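Shown next, in structure tokens, is the structure this report addresses.
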Amino acid sequence: MNIYFDCDYTILAMDGSLRPRTREIFSQLIEDGHKVFIWSGVGMRTKDMERLDLMDLISGIFVKPITEFENGLDRFNVHPRPDFVIDDHREIVEAFGGVHIEPYYFRAAEDGQMDDLYQSISDFSETGKSVHRGFKSPPDME
Ligand SMILES: [Mg+2]
């Protein structure tokens with residue numbers, strides 16, 4: 001699957017630090033045959049991804065539409081189409097399917113959300129379903 005991650009409060013805290021286990025989960029997803037993409041509603045986050053040393057794991061970086069998601073894919077030249085999105089905003093997850101993740105505001109070593117997320121992506125990839133609290137089916141699968 002083409003898996004799209006939001007930046008702020010999804011993989012980045014307010015202080016710019018990376019959510020625990022993000023790098024490990026990106027690696028694991030790639031090992032499982034997925035592709036990891038980054039997008040953000042506030043612009044291209046290439047510098048942040050370089051700073052966090054994640055560029056070797058990322059297949060593409062895009063500006064994220066924050067309204068009119070479908071048209072936004074064209075408007076911002078987002079390709080390939082997202083199969084699964086992870087975001088702290090519910091609306092975009094409902095538009096494409098994925099996981100509405102608990103926001104990560106403050107640096108917290110004990111945050112375990114990325115491991116729960118990995119389980120959800122694996123389950124969805126294998127069975128088309130997930131029991132994750134924040135999981136939303138892609139609209140075309142409902
Ligand atoms: Mg966000």
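No lab work stands behind these numbers, since they all come straight from the coordinates. Predicted model only: the values in this text are computed from it and were never measured. Note that we place each Cβ from the backbone using ideal geometry, even for glycine, and neighbour counts take in every protein chain shown.
Quick look at the values:
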item: Of L117, L18, L52, the one that fluctuates the most in a GNM where the chain has Cα springs shorter than 10 Å; result: L52
item: Per-residue [θ]222 nm for the chain (sum of -39500 (n - 2.57) over DSSP H runs n ≥ 4, rounded to 500); result: -9000 deg cm²/dmol
item: Loop trypsin sites (Lys or Arg not before Pro), the range 49-129 (other Cβ atoms within 10 Å of the site Cβ: 13 or fewer; DSSP); result: K129
item: Pairwise centroid distance, computed over Cα atoms, of the range 44-63 with the range 3-24, Å; result: 11 Å
item: Bridge type composition, the range 1-135 - antiparallel percent by DSSP, nearest 5; result: 10 percent
item: Gained length - D56 relative to V42, 0.36 nm times residue gap less alpha-carbon distance; result: 2.8 nm
item: Sites Q119 and K35, calculated FRET efficiency, Cβ-Cβ separation with R0 25 Å, nearest 0.05; result: 0.85
item: Burial ordering of F106, F37, F84, fewest other beta-carbon atoms within 10 Å first; result: F106, F37, F84
item: Fraction of alpha-carbon pairs over 26 Å apart in the range 2-141 - percent; result: 14 percent
item: Exposure proxy ranking, count of Cβ atoms within 10 Å, fewest first, for K35, K64; result: K35, K64
